[in-house]
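Written below as structure tokens is the structure these notes are about.
The values are calculated or read from the model by the stated rules, or taken from the named source; none is laboratory data. The structure presented is a predicted model; accordingly, all values stated were derived computationally and were not measured. Neighbour counts are summed over all protein chains in view; Cβ atoms, including those assigned to glycine, are modelled from backbone coordinates with ideal geometry. Areas reflect the complete protein model, heavy atoms only, side chains present, ligands, DNA and RNA absent. Shrake-Rupley method; radii C 1.70, N 1.55, O 1.52, S 1.80 Å.
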Amino acid sequence: MTEPIPEQRRVLTVLVAAQILSGAGLAAGVTVGALLAQDMLGSTSLAGVPSALFTIGSAAAAVAVGRISQRAGRRGGLTFGYTTGAIGSAGVVAAAALDTAVLLFAALFVYGAGTATSLQARYAGADLAAPARRGRAVSTVLVATTLGAVVGPNLTTVMGDAAESWGIPRLSGPFVLSGVAYGLAAVVLWVLLRPDPLLLARSRAAAETLSGTVGEDPAPAGDPPAPGRPWTPAVTAGVVVMIVTQLVMVAVMTMTPIHMRDHGHDVGATGVVIAIHVAAMFLPSPIAGMLVDRVGPYRVAAAAGLVLLVSGVSAALAPPHSVAALAFALGLLGFGWSLGLVSGTALVTDAVPLESRAATQGTADLFVALAGAGGGLGSGLVVAAAGFPALALTGAAVSLVILPVLARRSAHVAQSAVH
């Protein structure tokens, strides 16, 4: 598919609308999830449990959304994911109102489907894109999340007031917003995502094959033919990049609200820092996409590792009473994640053929989500034992894992190209 496809503009428009809504749902829950658990469980060491639970739920949902998309197209898969996320949000509100930890844990697991679906949508943006523009297509979908993601955390105070007026715990208010936002995103996709980008891409590829033209870009140099073995070395490299960036980002982000409250900051100040962080995750996505298309995903992935390194050091050294310093560190954390996600997504998408693309992408996001779950669960234990600066420095060290993986893969590609 070398020529631009007219339907791509409509697909991106619908995805952008859904992502604006889902961004509000994602960020609102992230802002107060750890605080709600801390209040209900009475323990800082368990404050990372919400992040771990909805990230594990995200892992399970990633596979489900990928498989549904493989069979029925992106429209069915994404609608299922957002609807499930809305149900989980309602469950969190009910758990908070009833003060039931067991229900809270179950609801957070289901709530994670919204996170998985928000990320899976980026693949839908790339289905109809020409290979040379896939980075920008992915980034267009990601950047759309910014508006909702910035608005969501800044509505925590408003939603908290509303929750109290309804007679439910204040910290459950943002999850009301999450449920509404995810539900509306599901409606937008089900009604408007026509034609389905993945199904249309397959039909066009089949037509091009019958007419004797080649529409699908070849697998990267040095990889075996992808149809027989979709999990190629290029896919592995892309998944490793996304795993590392997700693990580091989730770990540090999860404990930032706890760190800030322990040093006297209110929920409003926390919301500002998280809003800046989430904006930095998505707003620079066009830059990441442009760089991937121009200089290649391997160099952009290496840059992600370096940015995450600087972020971790900055967070460790930030004066705990300085909102500006913490916002700067969390902004870098978000930007490093953006570089890693866009470059890793491009590596995976370029290396997998259409007939197995959605399922492979879902499996890739499963591993990414599990890494995030580990980061979220372990972050509370590290902070309880050694403090937030130790967690940030650990994240900085882990981010360097990206570099030798990419160096080895790049050398393999270069050697294969010579031969």
Selection count, the stretch 97-108, where residues are assigned to a helix (DSSP H, G or I) and either in contact with an Asp or Glu (Cβ under 8 Å, 6 or more places away or on another chain) or modelled with pLDDT under 90 (or both) = 5
key: Subset of the stretch 88-97 [open to solvent by 20 Å² or more (accessible area, probe 1.4 Å) and in contact with a Leu (Cβ under 9 Å, 6 or more places away or on another chain)]   = Ala94
ask   = Does the stretch 321-332 hold any residues that are in a loop (DSSP other than H, G, I, E, B) and open to solvent by 40 Å² or more (accessible area, probe 1.4 Å), and which are they?
value = His321
query = Is it the case that the stretch 152-163 has a residue that's within 30 Å of Asp196 (Cα to Cα) and either open to solvent by less than 50 Å² (accessible area, probe 1.4 Å) or touching a Phe, Trp or Tyr at 6+ places or on another chain (Cβ under 7 Å) (or both)?
reply = yes
message = Restricting to the stretch 109-139, and then to whatever is in a helix (DSSP H, G or I) and more than 22 Å from Arg67 (Cβ to Cβ), can you tell me which residue is most open to solvent (accessible area, probe 1.4 Å)?
response = Arg133
key: So Val102, is it within 25 Å of His277 (Cα to Cα) and hydrophobic (A, V, I, L, M, F, W, C)   = no
key: Residue list for the stretch 348-360, filter: open to solvent by 10 Å² or more (accessible area, probe 1.4 Å) and polar (S, T, N, Q)   = Ser356, Thr360
remark   = In the stretch 307-320, anything touching a residue at least 12 places away in the same chain (Cβ under 8 Å) and either surrounded by 21 or more Cβ atoms within 10 Å (Cβ to Cβ) or hydrophobic (A, V, I, L, M, F, W, C) (or both) is listed as Val307, Leu308, Leu309, Val310, Ser311, Gly312, Val313, Ala315, Ala316, Leu317
request  = Any residue in the stretch 230-248 that's among the acidic types (Asp, Glu): show its pairings with residues that are open to solvent by 40 Å² or more (accessible area, probe 1.4 Å) at Cβ separation under 9 Å, as long as the two are six or more apart or on different chains.
outcome  = none
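Under the condition of being outside any helix (DSSP H, G or I) and in contact with a Gly (Cβ under 9 Å, 6 or more places away or on another chain), which residue from the stretch 281-319 is farthest from Ala234 (Cα to Cα)?
Per the stated criteria, the residue is Leu283.
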key: Tabulated pairs, the stretch 97-111, first closer than 22 Å to Thr83 by Cα, second outside any helix (DSSP H, G or I), C-beta under 6 angstrom, 6+ apart or interchain   = Ala97/Ile168
request  = Give the residue, chosen from Thr363, Thr345, that is surrounded by fewer than 24 Cβ atoms within 10 Å (Cβ to Cβ) and either more than 19 Å from the chain's Cα centre (by Cα) or not in a loop (DSSP other than H, G, I, E, B) (or both).
outcome  = Thr363
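Return the residues of the stretch 188-210 that are within 30 Å of Val92 (Cβ to Cβ) and either open to solvent by less than 60 Å² (accessible area, probe 1.4 Å) or in contact with a helix residue (DSSP H, G or I) (Cβ under 8 Å, 6 or more places away or on another chain) (or both); say none if nothing qualifies.
Across the stretch 188-210, the qualifying residues are Val188, Leu189, Trp190, Leu192, Leu193.
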